[in-house]
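K.L.:
Before we start, here is the structure in question, set down as C-alpha cells.
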Amino acid sequence: MNGSTQVGDIKSFDASRGYGFIRCQETFQVYRRDIFLHGDQVATFGTGDRVSFLVKAGPNGHPQAHGLQDASRTAEDAPVLSATAEHTELDMASTKTGKVKSFNRSKGYGFIEASGSDVFFPTSLLPDVNIGEDVEFEVQLKGGKLQAHSLKRIPKKDFDAKATKKLLRACASTRKDSYQEMFALLNEGADPNGRDVTGQTALMVAALSTADSEKKCRLLVGMGSDVHAVYREEMTVLQWARERLSCKLAAHLGAVARGEQIDCELVLDMMASSEV
C-alpha cells in the first residue's frame, strides 16, 4: 500500500504527546491497526477531519501517515438507502440509535455509524457531541441521501460498582456456575464495560478465561460490551484480541458485535499470555 493514496478520518490526536491515529477501513484490512499520525504531519487538521494520506513504514515497522490533504465529505457522500426498498438496514419510520463516528465542527457536519451505514448529521443538532458517544435520532432522505435529525444524546447508565467487581471475578472464574452468575449480575446492574485494576475490560477478562470463554464473550457483547473500547495507547479490545490471542477470536467478537449469527466452536490458544 506504500505510495498509494488512502482516505480516512482522524480518530484522535493528543497535542501534548505529539501523535494521533487515523481510522481507515482499507488500510485496517492490510495492517490490522489504525494508522499512526505524527505531530509533524497533522498541520491544521484535527480530530474528526477526513483526510487523504500516504502510508510509509515508521522506525518500528508500523504504518505511518504522510502528506495529509483535505478529503472532507459532505451529505452527498453519505451512503444511499432507498426509503421504499424491501430490505433497508435502517427503518425510516422508527427512531434509531448509533455511535458518533466523526465530525468536523469548523465545517459543521459529522457522521453517525448505525446498522452498518454512515448517517450524515449537521453538528448544529448537538454542538457539544463527542466521537464515540451513543446517540438517538430519526432519519430523513435529502436528495436521496440519509441525514439524521432530532438528534439526542443517550444518557450513560448508572452501574452498580459492587456488582461490576463481582462480574469481573465471574468472567475469570472456572466455576461451572460462573456463566449463570455473570448473567444474574448483568441483570442486577453490573457494567458490561467494567475494567479491572489493570485496565482490562470484562470482555477481555472473559476471553482469557479457560471456562466457557466463547459463551461468556457472547453474553457480554449481547449485554453491551464494546469491542471498540480503547484499552491502551489507542489499542481497542478487538486489536488486543487479535494481537494477544488470535485473529479468529477477534473476527468472532467483531461478528457477534455486528449481530451476525455464527454457528461455530471457537478454540482459543490459551498459551497466549494475559500480560500486556
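The values are calculated or read from the model by the stated rules, or taken from the named source; none is laboratory data. Just so you know, these numbers come straight off a predicted model, no measurement behind them. Cβ placement follows ideal geometry from the backbone for every residue including glycine, while neighbour counts extend to all protein chains displayed.
Residues are listed down the side, and each one gets a yes or a no for (1) closer than 18 Å to LYS99 by Cα; (2) buried (at least 18 other Cβ atoms within 10 Å of the Cβ); (3) within 13 Å of the chain's Cα centre (by Cα):
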| site | (1), (2), (3) |
| --- | --- |
| GLU214 | no, yes, no |
| GLY222 | yes, no, no |
| ASP226 | yes, yes, yes |
| LEU245 | no, yes, no |
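K.L.:
While we're here: Considering every residue within the stretch 150-164, establish whether at least one is surrounded by fewer than 13 Cβ atoms within 10 Å (Cβ to Cβ), among the basic types (Lys, Arg) and over 25 Å from the mean Cα position of the chain (by Cα).
P.N.:
yes
K.L.:
While we're here: For residues that are part of a helix (DSSP H, G or I) and not hydrophobic (A, V, I, L, M, F, W, C), scanning just the stretch 185-226, find the one that is modelled with the highest pLDDT.
P.N.:
LYS216
K.L.:
Please verify whether ASP177 is at pLDDT below 85, of a type outside the set (A, V, I, L, M, F, W, C) and out of contact with any Cys (no Cβ under 9 Å at 6 or more places or on another chain), treating the condition exactly as stated.
P.N.:
Taking the combined requirement at face value, the residue does not satisfy it.
K.L.:
Need the failing condition index for ARG232 against (1) touching a strand residue (DSSP E or B) at 6+ places or on another chain (Cβ under 9 Å); (2) modelled with pLDDT under 85; (3) not small (Gly, Ala, Ser), just the number.
P.N.:
Unmet condition: (1).
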